[in-house]
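*Asks:* The following block contains the structure, expressed as structure tokens.
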Amino acid sequence: PANLFVADFMGNPQTNILQGRVNTGEGSKFITLDECPALRIPVEDQPGLDRGMKVTINIRPEDINITHEPGSQDLHCRVYTTQPMGSEVLVHLKPENTDLDLMVKNPEEQCLDLKSEMIVAINPKRGNIFDAVSEELICSFGF
């Protein structure tokens, strides 16, 4: 999507919209989320993506993987609720120590054992980075 309006408008369920800042360290560039600094999203060096810049990220619910065995470097989240939708399940997550709500959509077979209050880890597969002021697309990321 060319801008945040289109990214937010497209798709069902609604996309995850997150605020953050561009940071650098150890020769790499990454985005730290305002509400959840434990989740660092590595990004390639892109024109217009400057250190300290405020950005808005959108990550579609289907572009977040849930890991059932959280490691020490993963973002730990508490399962708030699950909504079976046939072959897929919508999972509402709350990263620990935040007020942030995340929506994840994964295949049913990956979510059968998820229970309310269970701790899981997540990692984003791909998303888009927008300028927080103009809301125009700067770049996309993917792993």
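*Asks:* When we measure straight from the Cα of residue 29, which aspartates and glutamates land under 15 angstrom away, once same-chain ones fewer than 8 places off are left out?
*Replies:* Hits, sequence-local ones excluded: 44, 45, 50.
*Asks:* So what is the relative contact order for the chain, in percent, with contacts set as C-alpha pairs under 8 Å and at least six apart?
*Replies:* In percent, rounded to a whole number, it is 26.
*Asks:* Sticking with this structure for a sec: Give me the number: length gained by fully extending residue 126 to residue 35, i.e. 0.36 nm times residue separation minus the C-alpha to C-alpha distance, one decimal in nm.
*Replies:* 30.8 nm
*Asks:* Could you give each residue of the stretch 52-60 its phi-based ³J(HN,Hα) in whole Hz, using Karplus coefficients 6.51, -1.76, 1.60 with θ = phi - 60°, and x for Gly or Pro?
*Replies:* x, 5, 7, 9, 10, 10, 10, 10, 5
*Asks:* Taking the alpha-carbon distance from residue 94 and a cut-off under 19 Å, which lysines remain once sequence neighbours fewer than 8 residues away in the same chain are dropped?
*Replies:* 105, 115, 125
*Asks:* Follow-up. Can you list, largest first and rounded to whole Å, the semi-axes you get for the stretch 52-143 by taking the square root of 5 times each eigenvalue of its Cα gyration tensor?
*Replies:* Semi-axes, largest first: 25, 15, 12 Å.
*Asks:* Largest first, what is the accessible-area ranking of 87, 28 with a 1.4 Å probe?
*Replies:* Greatest to least solvent exposure: 87, 28.
The values are calculated or read from the model by the stated rules, or taken from the named source; none is laboratory data. Not measured: the values here are computed from a predicted model. Keep in mind that these areas ignore ligands, DNA and RNA; they rest on the heavy atoms of the full protein, side chains included. Shrake-Rupley method; radii C 1.70, N 1.55, O 1.52, S 1.80 Å.
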